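Undergrad: This is the structure, below, for whatever I ask next.
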Amino acid sequence: MKTIEVRSSARCEMIDITRDVSRCVRESGVTDGIAYVFVPHTTAGITINENADPDVTRDLLFALERAVPNTGFYHIEGNSDAHAKATMTGFSGSVIVEGGRLALGTWQGIYFCEFDGPRRRRVLVRVLAG
Ligand code: ZN
C-alpha cells in the first residue's frame, strides 16, 4: 500500500492527484490490474472528473455548496456540510491499470476533494494485479 500526502489550502478544494496515483502504479510494478484509491477521512472524499478546464472543478464545488449549505444541522462541530459533501463524492475510487498506465479518459483526472480544510490529509493507494 502507498500513501499520498495531500495538503489542502482552502476549506473546499479539489486537488488533482492523478500524477501521484500514476506514480504509485509505476512503483507497484503492476502492469495490468486495478488501482484502488481510498480516503481515510470523514470530511474529504474522492472523485474523477474533467482536468482540462479548471472552471469544471470550480463549478462542482459550487454545485455541492448550493446543494448542501452549512445551515440547520445538529452536529456540534459545525461541519456537517463537509460530512455530507464527502458522502456525496464517496471515499474511494478505482481505475483500471493497463500497460502500466491508468486507463483514464482523455479529459479525466483523479481529484482529492477537501470539504473542511485547510488540513494535511492522506490518500491510500493499493494497486492489485489481475
Ligand atoms: Zn464533524
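The values are calculated or read from the model by the stated rules, or taken from the named source; none is laboratory data. Small disclaimer: the values here were computed from a predicted structure and weren't measured. FYI the Cβ positions are ideal-geometry reconstructions off the backbone, even for glycines, and counts take in every protein chain you see. Accessible surface areas use protein heavy atoms only, side chains included; no ligands, DNA or RNA. Shrake-Rupley method; radii C 1.70, N 1.55, O 1.52, S 1.80 Å.
Undergrad: Taking strands (runs of 3 or more DSSP E) that do not extend beyond region 42-130, which have at least 1 residues that are among the basic types (Lys, Arg) and away from the ligand (no atom under 16 Å from the Cβ)? Walk me through how you get there before you give the answer.
TA: Values: elements: 44-50, 92-98, 108-114, 120-129.
The qualifying strands (runs of 3 or more DSSP E) are 120-129.
Undergrad: Would region 28-36 turn up any residue that is in contact with a Cys (Cβ under 9 Å, 6 or more places away or on another chain) and not acidic (Asp, Glu)?
TA: So the first thing to find is which residues in region 28-36 are in contact with a Cys (Cβ under 9 Å, 6 or more places away or on another chain), and the list is 35.
Right, trim to not acidic (Asp, Glu) and you get 35.
So far as region 28-36 goes, yes, one or more of its residues are in contact with a Cys (Cβ under 9 Å, 6 or more places away or on another chain) and not acidic (Asp, Glu).
Undergrad: Take region 1-41 and flag every residue that is within 11 Å of Ile110 (Cβ to Cβ) and either charged (D, E, K, R) or part of a strand (DSSP E or B) (or both).
TA: Once the filter is applied, which keeps residues that are within 11 Å of Ile110 (Cβ to Cβ) and either charged (D, E, K, R) or part of a strand (DSSP E or B) (or both), region 1-41 yields Ile4, Met14, Ile15, Asp16, Arg19, Asp20, Ala35, Val37.
Undergrad: So, one more: Mind telling me which of the residues Arg23, Arg58, Arg19 ends up being farther than 16 Å from Cys113 by Cα and free of Cβ contacts under 8 Å to residues at least 40 places away in the same chain? Break it down stepwise before answering.
TA: Working: Arg58 fails: farther than 16 Å from Cys113 by Cα; Arg19 fails: farther than 16 Å from Cys113 by Cα.
Of Arg23, Arg58, Arg19, the one residue that is farther than 16 Å from Cys113 by Cα and free of Cβ contacts under 8 Å to residues at least 40 places away in the same chain is Arg23.
Undergrad: Considering only region 9-41, state which residues are within 16 Å of the ligand (Cβ to nearest atom), open to solvent by less than 60 Å² (accessible area, probe 1.4 Å) and farther than 19 Å from Ser94 by Cβ.
TA: Taking region 9-41 first, the residues within 16 Å of the ligand (Cβ to nearest atom) are 11-12, 39-41.
Going one step further and asking which of them are open to solvent by less than 60 Å² (accessible area, probe 1.4 Å), we end up with 12, 39-41.
If the condition is that a residue be within 16 Å of the ligand (Cβ to nearest atom), open to solvent by less than 60 Å² (accessible area, probe 1.4 Å) and farther than 19 Å from Ser94 by Cβ, then Cys12 is the only one that fits.
Undergrad: Okay, next question. Residue by residue through region 42-74, note down the ones that are closer than 18 Å to Arg120 by Cβ and either open to solvent by 40 Å² or more (accessible area, probe 1.4 Å) or in contact with a Gly (Cβ under 6 Å, 6 or more places away or on another chain) (or both). Give the steps one after another, and end with the answer.
TA: Taking region 42-74 first, the residues closer than 18 Å to Arg120 by Cβ are 42-46.
Matches in region 42-74: Thr42, Gly45, Ile46.
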